[in-house]
Amino acid sequence: QDPDEVRVYVFLEGILEYAGDGSARDERLTVDIFPTGLSLKADGLAGRNNLLVLAQLFAEVDIKASSFAVRQDRVSFKLVKKSSGAVWPRLEASEQYSMADIPPLPESFRLPKEEGAKDDT
């Protein structure tokens, strides 16, 4: 990290060939950066569905200035700090938070319901 940004690297073997141009709009690869976290979903990579959600970053990020890139073996995130100059001692917030504090996952993260399953909402 530096005073203005934090870099996060998620290593996933074969991600570049899988993701094509790395577009967040690809049906199999979904990447979201929101003010307090990030998420990455890669369906079917190496025969598995991969999901990473960091729901409570240490501090807020500027989602318009932040970005991601798909590389040969990883997805690289550049998270631009909302408060420039602050040093993050860790990536995620350490205080306890309730599930009500976590933003809802995008619709693309919700698993399809099994036949006959009851609606839990």
* To do: Hey, can you tell me all the residues within the range 37-55 that are buried (at least 16 other Cβ atoms within 10 Å of the Cβ) and more than 16 Å from E17 (Cα to Cα)?
  => G37, L38, S39, L40, L54, A55
* Out of all the residues in the range 64-92, which are of a type in the set (A, V, I, L, M, F, W, C), assigned to a loop (DSSP other than H, G, I, E, B) and in contact (Cβ under 8 Å) with a residue 60 or more places away in the chain? -> A86, V87, W88, L91
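Bear in mind these aren't lab numbers, they're just calculated from the coordinates by the rules spelled out. Just so it is clear, the model here is predicted, and its values are computed rather than measured. Backbone-built Cβ (ideal geometry, glycine too); neighbour counts: all protein chains shown.
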